[in-house]
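S.K.: Shown below is the structure under consideration.
The values are calculated or read from the model by the stated rules, or taken from the named source; none is laboratory data. If you're wondering where the values come from, they're calculated on a predicted model, not measured in any experiment. We place every Cβ from the backbone using ideal geometry, glycine too, and count neighbours over all the protein chains shown.
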Amino acid sequence: MSTLFSAESLRGLTHFVITARSRSFTEAGEQLGITKSAVGKSIARLEERLGTRLFHRSTRKLSLTSDGEAYLASCLSALEILDAAEHTLCRRQASPAGNVRIDMPAALGRTLMMPILLALAERYPALRLILTFNDRLIDPVEEGVDLVLRLGELESTDELIARRLAVQPLRLYAAPGYLSRHSVPETLEALKTHRCIMGYRRGAPLAWRLQSPEGREIRFTAANAHQMGDGDAMLNACLAGLGIAQFPDAMASDHVARGELVTLMPAFAPAPVALHVLWPRARHLLPKVRFIVDELVTLAAEGHFGPQK
């Protein structure tokens, strides 16, 4: 295989991946800085070399053929390998520098992630962190975010790569002051009589995940509940004695140790939930972003974010 052919193949591969993710020659051209026609010709040359059609073309949209789907999976794997090789060389030559924007859950981010990220910023002065706090899964491409940290069940992640860092146990908690005014619940029927503090998203309360002593998963929504769309607000309300709430261990463990919160109904604790770091599938990680991911993975293996299983 000649060098020219190899360069053309790599160029076509890159054009194909970006077009496959955007489903548009026009949008791919804008991302690549070339014309729509140039993208189309590059894809046509690639299809000719491969001897198969990669896209179904219509006047309204592009969609991948079955061969296109298979080729995309292989291309993404190849680009990840190339990106990792580049990252390894870059790490040998320079420390991370520049802006890295990271979005994370409000309460958990401040409690668990902030000390770690601030320590990284202290170690690498040329690294500039742009941190945002959000309890919904944002579109990182649309909002210009490099990395997203999320706890719990992920919504559709077709456009994202997710790397699990750890798991966090979920438990029910209440302040001693609240429990002094109410009975301590030990069953679901008793729990239904209590004032609860539920998460709130898209106009509805977020059900608690519980598990019966027999192992059956339960979705619990309290009829008598405060509803809040921010984890810090929920924690403050629970500490103030407004009711029972469900939190990951990382948010509540220090308060339990200080006697400010009490763990309730341990027999109904659900399976732990996963903490993920996510980034756009179509975006090749810059060395500074890859550096952050690698640091998080290393710290996760050391147990800084909770158990691995």
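S.K.: Across the stretch 118-132, what is the number of residues that are part of a helix (DSSP H, G or I) and in contact (Cβ under 8 Å) with a residue 40 or more places away in the chain?
M.R.: Number satisfying all stated conditions: 1.
S.K.: Sort out which residues of the stretch 134-164 are surrounded by 18 or more Cβ atoms within 10 Å (Cβ to Cβ) and in contact with a helix residue (DSSP H, G or I) (Cβ under 9 Å, 6 or more places away or on another chain), and write them in order of number.
M.R.: Listed by number, the residues that qualify are ASP135, ASP146, LEU147, VAL148, LEU149, LEU151, LEU160.
S.K.: Follow-up question, since we're still on this one. Criterion first (of a type in the set (Phe, Trp, Tyr), under 19 Å from TRP208 (Cβ atoms) and either touching a residue at least 40 places away in the same chain (Cβ under 8 Å) or surrounded by 17 or more Cβ atoms within 10 Å (Cβ to Cβ) (or both)) does PHE268 satisfy it?
M.R.: Yes, satisfied.
S.K.: So, one more: Within the stretch 98-109, track down each residue that is assigned to a helix (DSSP H, G or I) and either among the aliphatic types (A, V, I, L, M) or surrounded by fewer than 17 Cβ atoms within 10 Å (Cβ to Cβ) (or both).
M.R.: ALA106, ALA107, LEU108
S.K.: Kindly state which helices (runs of 4 or more DSSP H) lie completely within the stretch 133-247 and contain at least 3 residues that are touching a strand residue (DSSP E or B) at 6+ places or on another chain (Cβ under 7 Å) and in the same structural domain as LEU264 (by TED's automatic domain parsing).
M.R.: Because the criterion is at least 3 residues that are touching a strand residue (DSSP E or B) at 6+ places or on another chain (Cβ under 7 Å) and in the same structural domain as LEU264 (by TED's automatic domain parsing), the helices (runs of 4 or more DSSP H) in the stretch 133-247 that meet it are 231-239.
S.K.: Looking at ARG290, ARG258 in this structure, which one is in the same structural domain as ASN224 (by TED's automatic domain parsing) and either within 19 Å of the chain's Cα centre (by Cα) or charged (D, E, K, R) (or both)?
M.R.: Among ARG290, ARG258, only ARG258 is in the same structural domain as ASN224 (by TED's automatic domain parsing) and either within 19 Å of the chain's Cα centre (by Cα) or charged (D, E, K, R) (or both).
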